[in-house]
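Asks: I'd like to ask some things about the structure below.
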Amino acid sequence: MATMSINGLLMQMLLLPLNGFAQGSTPITSYNYGARNVRRVRENIRLLLRISFGYSLLCLLAVLLFPGFFVGLFQTREPLTSHTIALLRLYCLGLGMLGLQISCQQSFIAFGQAKISTFLALLRKMILLIPMILILPHFFQPEVVAIYAAEPIADILAALVTSIAFYRYFRELLQTMRNDSLPE
């Protein structure tokens with residue numbers, strides 16, 4: 001329980017800036033979308049994706065290279081520290097993709113697609129993670145490792161689905177915006 005608490009708290013700490021980037025760009029994207037400014041919408045989304053993806057990759061590298069530092073922020077007692085470090089590396093493997101998942105999911109809100117955004121948020125934690133936590137221990141041992149592996153698997157799958165959905169939606173949206181701004 002202590003290991004899961006530490007890993008969960010650390011993940012939340014690392015994800016907080018990602019949520020801030022995505023939520024901070026939403027009004028800018030939304031304003032330019034309403035103004036039908038295709039160039040600025042595209043620039044804002046590209047900037048958001050670069051910053052978020054870069055940040056999440058840096059976080060993943062930091063956790064993989066310096067897990068002891070992060071675990072030490074919460075506790076220093078052995079053998080809990082070494083056990084937490086080993087599982088932290090597994091638990092955070094999907095972190096590198098979460099920059100894309102969170103940015104794309106939040107950007108749907110800027111385009112007035114709150115239902116899609118809500119579904120994609122639920123996809124990660126409810127639709128994918130909970131069933132994997134229940135199913136994976138039946139196929140992989142030790143069970144605790146299977147439970148920890150459910151997090152990065154759900155994160156990566158959700159990021160892939162969200163990114164593909166966003167790419168397709170965004171491409172069509174930009175085309176529609178260009179066509180709407182053409183004089184008749």
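The values are calculated or read from the model by the stated rules, or taken from the named source; none is laboratory data. Just so you know, these numbers come straight off a predicted model, no measurement behind them. A quick note on method: Cβ atoms are made from the backbone with ideal geometry, for glycine too, and the neighbour counts reach across all protein chains shown. These accessible areas exclude ligands, DNA and RNA; they are computed on the full protein's heavy atoms, side chains included. Shrake-Rupley method; radii C 1.70, N 1.55, O 1.52, S 1.80 Å.
Asks: Wholly within region 65-112, which helices (runs of 4 or more DSSP H) include no fewer than the required count, namely at least 3 residues that are of a type in the set (Gly, Ala, Ser), within 18 Å of Pro152 (Cα to Cα) and open to solvent by 60 Å² or more (accessible area, probe 1.4 Å)?
Replies: Once the helices (runs of 4 or more DSSP H) in region 65-112 are filtered for at least 3 residues that are of a type in the set (Gly, Ala, Ser), within 18 Å of Pro152 (Cα to Cα) and open to solvent by 60 Å² or more (accessible area, probe 1.4 Å), nothing remains.
Asks: Among all residue pairs at least 6 apart or on different chains, which show Cβ distances below 6 Å where the first residue, located in region 150-172, is under 14 Å from Leu123 (Cα atoms) and the second is polar (S, T, N, Q) and open to solvent by less than 10 Å² (accessible area, probe 1.4 Å)?
Replies: Close Cβ pairs (under 6 Å, with a partner that is polar (S, T, N, Q) and open to solvent by less than 10 Å² (accessible area, probe 1.4 Å)) amount to Ala158/Gln101; Ala159/Gln101; Thr162/Gln101.
Asks: Scan region 96-108 and tell me whether some residue there is modelled with pLDDT under 95 and more than 14 Å from the chain's Cα centre (by Cα).
Replies: No - not one qualifying residue is present in region 96-108.
Asks: Of the residues Arg124, Arg40, Arg36, only one is at pLDDT 95 or above and under 28 Å from Glu172 (Cα atoms); which?
Replies: Arg40
Asks: Just name the residue that is farthest from Gly24 (Cα to Cα) out of those in region 43-62 that are buried (at least 19 other Cβ atoms within 10 Å of the Cβ) and of a type in the set (A, V, I, L, M).
Replies: Leu60
Asks: Let me ask something else. So Tyr148 passes all but one of these: (1) modelled with pLDDT of 95 or more; (2) open to solvent by less than 20 Å² (accessible area, probe 1.4 Å). Which condition number does it fail?
Replies: (1)
Asks: Can you run down the residue pairs with Cβ atoms below 8 Å, 6 or more apart or on separate chains, where the first is in region 29-46 and without any contact (Cβ under 8 Å) to a residue 24 or more places away in the chain and the partner is open to solvent by less than 50 Å² (accessible area, probe 1.4 Å) and β-branched (Val, Ile, Thr)?
Replies: Asn32/Val41; Asn44/Thr29
Asks: Could you list, in sequence order, all residues of region 162-171 that are modelled with pLDDT of 95 or more and open to solvent by 70 Å² or more (accessible area, probe 1.4 Å)?
Replies: Ile164, Tyr167, Arg168, listed by residue number.
Asks: For Ile51, which of the numbered conditions (1) within 19 Å of Glu151 (Cα to Cα); (2) in contact with a Gly (Cβ under 9 Å, 6 or more places away or on another chain) fails to hold?
Replies: Among (1) within 19 Å of Glu151 (Cα to Cα); (2) in contact with a Gly (Cβ under 9 Å, 6 or more places away or on another chain), Ile51 violates only (1).
Asks: Could you check, for region 15-24, whether at least one of its residues is closer than 30 Å to Asn179 by Cβ, touching a residue at least 24 places away in the same chain (Cβ under 8 Å) and open to solvent by less than 50 Å² (accessible area, probe 1.4 Å)?
Replies: Yes, the conditions are met somewhere in region 15-24.
Asks: Then there's this: Among the residues of region 139-151, is there at least one that is among the small types (Gly, Ala, Ser), under 23 Å from Leu48 (Cβ atoms) and part of a helix (DSSP H, G or I)?
Replies: no
Asks: Among Asn32, Asn7, which is the only one that is over 15 Å from the mean Cα position of the chain (by Cα), in a helix (DSSP H, G or I) and closer than 30 Å to Met177 by Cα?
Replies: Asn32
Asks: Report every pair of residues separated by at least 6 positions or lying on different chains whose Cβ atoms are under 7 Å apart, first residue within region 68-83 and closer than 14 Å to Gly8 by Cβ, second open to solvent by 40 Å² or more (accessible area, probe 1.4 Å).
Replies: That search, which allows pairs on different chains as well, returns Phe74/Leu9.
Asks: Next question. Filter region 173-183 down to residues that are in a helix (DSSP H, G or I) and over 12 Å from Phe111 (Cα atoms) and give me whichever is modelled with the lowest pLDDT.
Replies: Among residues in region 173-183 that are in a helix (DSSP H, G or I) and over 12 Å from Phe111 (Cα atoms), the one modelled with the lowest pLDDT is Ser181.
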